[in-house]
Amino acid sequence: MCLAIPHRIIRLFDDKRALASAGAVETEIRVDLVPGLEIGDVVLVHAGFAIERLREEQGQEIEALWEEVRRMAGIVHE
Amino acid sequence: MNETRERIALLSKALDLMTDRPIRVMEVCGTHTVSIFRQGLRSLFPPSLELVSGPGCPVCVTDQGEIDAAVSLAGIKGVTVATYGDMLRVPGSGSSLVNERALGRDVRVITSADQALEIARNEKTRLVVFVAVGFETTAPSTASVILDAHREGRGNFTVLNLHKAVPPVLEALASDKNIALDALLLPGHVSVILGLSPYRFLPEDHGIACAVAGFGAEDIMLALVEVVRQIREGRPRVASLYSQAVREEGNCLARDLIDRVFEPCDSSWRGLGNLPLSGYGLREEYSSIDALKRLEISINDTSPPSGCSCGEVLKGKMLPRECALFGRLCNPSHPVGPCMVSSEGSCAAHFRFSRGGDHPWKH
């Protein structure tokens, strides 16, 4: 129930409905919680509704955290 | 795969070096629970890091009295109950929705709130009851469909509204000295809707380290490194490590829909009892859609199944295997409590994935 799966928008029917694909599976989804979607956008779909548009970039917090991890691992190698 | 394996090994090593005292972390998302087991991450944690599952599975936290109300609705002539698949097999006090269906009652599985309304549109002689469970991730879709039904004047569509709010249950857990949490892995999809600010009371008032995490092995390991780092530095905060989907402010439109249709109300949680303002009650304006009012059914206090420890498991006070029923008397083929029914329940995850054998990271 908590599961949300990324889908790519293939077709927009109106401001409420779209056809989206996850791999080979195409499903009709509701898009009224995420306005302004375009074909090709990737959305997170939960219980048949897109809940957010996914962005590709990784946050700065994650980059900073990896720095910390590598620093710790550096200590191991010394 | 080799590169992933190396990165996981690096994270495991860092976590091991950083964890210099006992640390208790709780994850409160069913998808995290399953992901941690499926990917064999537990065997990578240092011994002093304890990860317990909290009330992150919506079906599992639905109270026994609420399940009984759903089951009793299915028995009413002319009623069609529509709900998510996980709800069907949860045992009520006398029956379950799946049993009712076997007896010929009209109980249908849907994967979206939209489908429940579609049944009402297509079958005008049936009174459809959509049994709506879930946290902030699902509440906006229920709200959207309620607004559609209201706009259409769809008189044969009703909702048994059992939605619950995550921040108040985190407050209850954080305040319980017996649970003694050091850190929380916050639920990723709930956070997509809520954003980060509703969690700030956790570090500020309770000193609990928090991270919003994605669902891959690397995401979860990184989140653990983050909360351990916060604890070491004595600076608990809400870190956002799922920025692909979670914005600082959340999904404002979805939250507006929740506010239009629901208002905070007290709600009963399995194992946690009645928590103030932890539910989303239907606003008066939509009372004609309230299945309890339309069908004059009430939600009563009922005891959980005898011997079932789901309540203690949901609070992180007991591990599934410590329950006397686990495995032999309660298993996925014959579940006694909801945590064994839902695929996201911690008992089901323990049963499916904790049966020994090699795990993928140690080769």
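Checked against the criteria, B:Gly214 does not count as farther than 23 Å from A:Leu33 by Cβ and assigned to a loop (DSSP other than H, G, I, E, B). Restricting attention to region B:1-38, the residues being out of contact with any His (no Cβ under 8 Å at 6 or more places or on another chain) and either at pLDDT below 90 or in a helix (DSSP H, G or I) (or both) number 25.
Let's see how each residue does on (1) surrounded by 22 or more Cβ atoms within 10 Å (Cβ to Cβ); (2) closer than 22 Å to B:Pro46 by Cα; (3) facing chain A (nearest Cβ under 10 Å); (4) not polar (S, T, N, Q):
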{"residue": "B:Val225", "(1), (2), (3), (4)": "yes, yes, yes, yes"}
{"residue": "B:Val228", "(1), (2), (3), (4)": "yes, yes, no, yes"}
{"residue": "B:Ser243", "(1), (2), (3), (4)": "no, no, yes, no"}
{"residue": "B:Cys252", "(1), (2), (3), (4)": "no, no, no, yes"}
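Being loosely packed, with under 12 Cβ neighbours inside 10 Å, more than 9 Å from every other protein chain (Cβ to nearest Cβ) and within 15 Å of the chain's Cα centre (by Cα) is the requirement here; does A:Gly23 meet it? Criteria met by A:Gly23. For region B:105-135, which residues satisfy the criterion of being at the interface with another protein chain (Cβ under 10 Å from one of its Cβ atoms), farther than 20 Å from A:Asp15 by Cα and either surrounded by fewer than 19 Cβ atoms within 10 Å (Cβ to Cβ) or not small (Gly, Ala, Ser) (or both)? Across region B:105-135, the qualifying residues are B:Ile110, B:Thr111, B:Val133, B:Phe135. Highlighted here are the helices (runs of 4 or more DSSP H) found entirely within region B:225-339 that include at least 1 residues which are modelled with pLDDT under 95 and hydrophobic (A, V, I, L, M, F, W, C): B:310-314.
Note on region A:50-69: residues that are facing another protein chain (nearest Cβ under 7 Å), more than 17 Å from the chain's Cα centre (by Cα) and surrounded by fewer than 19 Cβ atoms within 10 Å (Cβ to Cβ) total 2.
Count of region B:56-67 residues, restricted to those that are closer than 10 Å to B:Val90 by Cα and assigned to a helix (DSSP H, G or I), is 4. Among the conditions (1) in a loop (DSSP other than H, G, I, E, B); (2) touching a residue at least 24 places away in the same chain (Cβ under 8 Å), B:Thr142 misses just one, which is (1).
If the condition is being in contact (Cβ under 8 Å) with a residue 24 or more places away in the chain and either surrounded by fewer than 18 Cβ atoms within 10 Å (Cβ to Cβ) or basic (Lys, Arg) (or both), then region B:175-194 contributes B:Ser175, B:Asp176, B:Asn178, B:Ile179, B:Ala180.
Among the residues of region B:43-70, which ones are over 30 Å from B:Lys293 (Cα atoms) and either free of Cβ contacts under 8 Å to residues at least 12 places away in the same chain or aliphatic (A, V, I, L, M) (or both)? Result: B:Leu44, B:Pro47, B:Leu49, B:Leu51, B:Val52. Inside region B:30-55, can you point out the residues that are farther than 16 Å from B:Ser309 by Cα, within 14 Å of another protein chain (Cβ to nearest Cβ) and not polar (S, T, N, Q)? Within region B:30-55, B:Gly30, B:His32, B:Val34, B:Ile36, B:Arg38, B:Leu44, B:Pro46 qualify.
Set side by side, the residues B:Ile297, B:Ile289 differ, and just one is more than 20 Å from the chain's Cα centre (by Cα), under 30 Å from B:Val159 (Cβ atoms) and crowded, with 21+ Cβ neighbours inside 10 Å, which is B:Ile289.
Per this entry, B:Gly311 is counted among residues that are of a type in the set (Gly, Ala, Ser) and in contact (Cβ under 8 Å) with a residue 12 or more places away in the chain. If I filter region B:195-219 down to residues being under 21 Å from B:Arg42 (Cβ atoms) and either among the basic types (Lys, Arg) or surrounded by fewer than 24 Cβ atoms within 10 Å (Cβ to Cβ) (or both), which single residue comes out as farthest from the other protein chains (Cβ to nearest Cβ)? Checked region B:195-219; the qualifying residue farthest from the other protein chains (Cβ to nearest Cβ) is B:Ala217.
The values are calculated or read from the model by the stated rules, or taken from the named source; none is laboratory data. Source: prediction; values computed, not measured. Positions of Cβ are generated from backbone atoms using ideal geometry, with glycine treated the same way; all protein chains shown enter the neighbour counts.
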